Amino acid sequence: MRVLVVEDEERLADAVAHGLRLHAIAVDVAYDGQEALEMASYVGYDVVVLDRDLPGVHGDDVCRRLRADGRGGRVLMLTAAGQIHDKVGGLALGADDYLVKPFAFAELVARVRALARRSARSAAPLLERGGIALDPARRTVARDGRPVSLNRKEFDVLRVLLSADGALVTSGELRRSVWDEYAEPGTGALRVTITSLRKKLGLPAAIHNVPGKGYRL
């Protein structure tokens, strides 16, 4: 799962991002509406946590443009305005959910995960190839009918590889899909995740490395 947090209060934005990362969620941060639109134009986010009262490009306009362009996945709108007409207005703009500041962080995490599950259900009911079956909505994996237990990063890497339907997926594409902009390519996180995923999927080997390019299933 990859999330974009859009919030002009930098301390709050960074705190939210840090907290989500502690829950194994990849997070990018934009501090204004224009930056958010630019980031969403080249990264496929599962959820956008969007502050409504943004400088420059207002949060309402960001939401409208994300919806018009079909980008940004699900939108969770954050605002200090908690009246019923405020919520109705936000949802009418295309937001999928609405959370009033101040909020309990546990509730934010729960809502982000619930929205990501909704995105998964609408994106692909089931991914299958070579005896491997992945259900994005239920977050389950099986190989030849045998359940396979994966952590969040392993699951997301496998989902990207399955979605490619046998085509090569570059290392950069995998990192952009599963990790956030703060994940250093030199950390070896992708290589370690691939190694663990191969082991859990068992033999015959399902994931093949194309040296210097990437991986294919």
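The values are calculated or read from the model by the stated rules, or taken from the named source; none is laboratory data. Bear in mind the structure is a predicted one, so any value in this text is a computation, not a measurement. Virtual Cβ from ideal backbone geometry, glycine too; neighbours counted across all protein chains shown. Just so you know, the surface numbers come from the protein's heavy atoms only, side chains and all, with ligands and any DNA or RNA stripped out. Shrake-Rupley method; radii C 1.70, N 1.55, O 1.52, S 1.80 Å.
Residues in the stretch 128-143 that are out of contact with any Asp or Glu (no Cβ under 8 Å at 6 or more places or on another chain) and modelled with pLDDT under 90: Glu128, Gly130, Asp135, Pro136, Ala137, Arg138, Arg139, Thr140.
For the stretch 161-202, filtered to residues that are surrounded by 18 or more Cβ atoms within 10 Å (Cβ to Cβ), part of a helix (DSSP H, G or I) and β-branched (Val, Ile, Thr), the residue that is modelled with the lowest pLDDT is Val178.
Among the residues of the stretch 94-108, which ones are open to solvent by 20 Å² or more (accessible area, probe 1.4 Å), among the hydrophobic types (A, V, I, L, M, F, W, C) and touching a strand residue (DSSP E or B) at 6+ places or on another chain (Cβ under 9 Å)? Within the stretch 94-108, Val100, Phe103 qualify.
Scanning the stretch 68-93 for residues that are open to solvent by less than 70 Å² (accessible area, probe 1.4 Å), of a type outside the set (Gly, Ala, Ser), at pLDDT below 80 and under 23 Å from the mean Cα position of the chain (by Cα) yields Arg71, Leu93. Selection of the stretch 123-160 for residues being among the aliphatic types (A, V, I, L, M), outside any helix (DSSP H, G or I) and in contact (Cβ under 8 Å) with a residue 24 or more places away in the chain yields Ala124, Leu127, Ile132, Leu134, Val148, Leu150. Looking across the stretch 29-67 at every residue that is within 15 Å of the chain's Cα centre (by Cα) and among the β-branched types (Val, Ile, Thr), the one that is surrounded by the fewest Cβ atoms within 10 Å (Cβ to Cβ) is identified as Val43.
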